[in-house]
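Take a look at the structure set out below.
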Amino acid sequence: MAEWLDDEEQRTWRALLAMHDDLMAELAQGLKANADLSAADYAVLAHLSEEADGVLRARELRCRLRWEKSRLAHQVRRMEQRGLVRRDACVEDGRAPLVALTEDGWATVRSAAPAHVAQVRDLFFDALSPSQLEALRDAAEAVVGRLSARSGASSASDR
């Protein structure tokens with residue numbers, strides 16, 4: 001039988017879930033209101049925009065987003081229909097699909113990023129002291145490291 005969480009563990013766990021859910025909801029509302037983007041749209045655009053040429057192999061983009069293959073495929077299809085990204089074949093091997101920002105995609109992410117970053121700073125970073133940020137980062141890295149070590153070949157990047 002599983003050992004139940006004690007009061008402090010329960011409080012910590014519920015606070016983490018509430019922070020995540022409330023923060024993600026606020027950020028999603030901000031993206032929708034300011035740029036008519038979903039959080040998923042912005043995540044794809046942001047990762048692509050971090051590349052000088054705005055292009056990533058689909059598999060690499062999936063790994064960075066921690067998404068399953070089908071989720072990325074559906075998201076890219078929707079964004080392609082809106083003219084934000086395009087799919088290309090890799091010239092090196094002709095098989096590996098590439099996802100690339102279009103000119104509209106570049107313009108959209110450049111327009112959306114300043115308000116989004118300001119909202120992240122306001123809602124998250126400005127609410128925490130430097131020592132709280134360090135402790136939170138350390139805790140998050142410890143949990144992610146533990147999950148990565150346990151998942152091995154079954155990680156999101158292999159789905």
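What follows draws every value from the coordinates through simple rules; no lab data is involved. Because the structure is a prediction, the values reported are computed rather than measured. Every residue, glycine as well, gets a Cβ built from its backbone with ideal geometry; the counts of neighbours run over all protein chains shown.
In terms of packing, defined here as the mean over residues of other Cβ atoms within 10 angstrom, the peptides 78-91, 7-20 line up highest first as 78-91, 7-20. Give me the log10 of I(q) over I(0) for the chain at q = 0.09, 0.14 Å⁻¹, as the Debye formula computes it from C-alpha points; what are the numbers? Scattering profile of the chain, log10 relative to I(0): -0.39, -0.89. The trypsin sites (Lys or Arg not before Pro) of the range 94-131 meeting both criteria, a DSSP state outside H, G, I, E and B (loop) and at most 13 other C-beta atoms within 10 angstrom of the site's C-beta, are R95.
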